[in-house]
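These notes concern the structure reproduced below.
The values are calculated or read from the model by the stated rules, or taken from the named source; none is laboratory data. Just so you know, these numbers come straight off a predicted model, no measurement behind them. A quick note on method: Cβ atoms are made from the backbone with ideal geometry, for glycine too, and the neighbour counts reach across all protein chains shown.
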Amino acid sequence: MSAESVNPVSVIYIVLFYAAIAVLIGGITNKVLQYKRVPAPLKIPVTPAPTTKAGVVWRLTTEVVFFNSLFRATKWTWIFGWIFHVALLLAFFRHLRYVVSPDSFLWPIVSLEVVQSFGKYAGFAMVFGLVGLLGRRIFVDRVRYISSPSDYLMLLLIIGIAVSGLMISYVAHTDIVQLKAFIMGLFLLDWHNLPTDAVLLIHLTLVLVLSFIFPISKLLHAPGLFFSPTRNQVDNPREVRHLSPWGAELEAKDGRNA
């Protein structure tokens, strides 16, 4: 489709999507590099900690998949948080159908009935988990004391995304074929008109807002977990002296000057 035939609303969202993708990728990359550069001068793994690198890999894997430390800390938060994240993963796989073409090697996985069916109902589980996490911040005194306005707004934003997504599926249906053509066109630089249903535009607007603020929000705990010295360090302070790269450089410099 030529640029002249794309309506103004579609043009606005095309520009916003490209800007959001640039901010999201650039912001996350910058933050990950910042995490990587921050020195870890102390050996501070939270015990009981693994004593081998393979154990660290297993610890991080189970932490990502099962939220082990959260389970040990508070069962109610673990229930709501784990349900939300699993539902988010299912919804992500369901949404891949908008960016994966039928001739892609990923299509057999994306088109699986289990992915599409469970993904369709994952929105309800997302709302359940998010409402539970919001209630925790409102009714648990120690959590409410350390909560900032942004914590509440972030939860409300994601709840809005989940609810508007459910409305598209069950209340205000949109033209899925045209929507997929629009999304695919963003990646192929072959732009198409976006359906102008109000609920869809609200859903996409909230997603764009989340994309813009994600790199500067607490949601960056996702990649940050892998750089946490309390989780990614081997518990071997008696066997191996811990020396950060910058510390090794200073020690070598002092040795040359001695």
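Selection over the stretch 175-190 of residues that are more than 25 Å from G27 (Cβ to Cβ) and either in contact with a Cys (Cβ under 7 Å, 6 or more places away or on another chain) or not in a helix (DSSP H, G or I) (or both) gives a count of 2. I'd like to check something: does the stretch 64-83 contain any residue that is without any contact (Cβ under 8 Å) to a residue 24 or more places away in the chain, surrounded by 16 or more Cβ atoms within 10 Å (Cβ to Cβ) and under 18 Å from M184 (Cβ atoms)? Within the stretch 64-83, none of the residues are without any contact (Cβ under 8 Å) to a residue 24 or more places away in the chain, surrounded by 16 or more Cβ atoms within 10 Å (Cβ to Cβ) and under 18 Å from M184 (Cβ atoms).
Rundown of residues vs (1) in a helix (DSSP H, G or I); (2) loosely packed, with under 15 Cβ neighbours inside 10 Å, yes/no style:
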position	(1), (2)
F92	yes, yes
S104	no, yes
A125	yes, no
F128	yes, no
G135	yes, yes
L155	yes, no
I159	yes, no
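Among the residues of the stretch 137-153, those identified as of a type in the set (S, T, Y) and assigned to a helix (DSSP H, G or I) are Y145, S150, Y152. Screening K43 on (1) exposed (fewer than 14 other Cβ atoms within 10 Å of the Cβ); (2) assigned to a loop (DSSP other than H, G, I, E, B) shows it passes everything except condition (1). Within the stretch 24-57, the residues that satisfy the criterion of being charged (D, E, K, R), under 25 Å from the mean Cα position of the chain (by Cα) and under 23 Å from L243 (Cβ atoms) are K36, R37.
In this entry, V56 is excluded by the filter for residues that are surrounded by 13 or more Cβ atoms within 10 Å (Cβ to Cβ) and touching a Ser or Thr at 6+ places or on another chain (Cβ under 9 Å). Within the stretch 1-40, being at pLDDT below 90, outside any helix (DSSP H, G or I) and farther than 18 Å from L225 by Cα holds for M1, S2, V6.
At least 3 residues being more than 19 Å from V15 (Cα to Cα) and not aliphatic (A, V, I, L, M) is the threshold, and among the helices (runs of 4 or more DSSP H) wholly inside the stretch 193-243 those reaching it are 221-224, 229-232.
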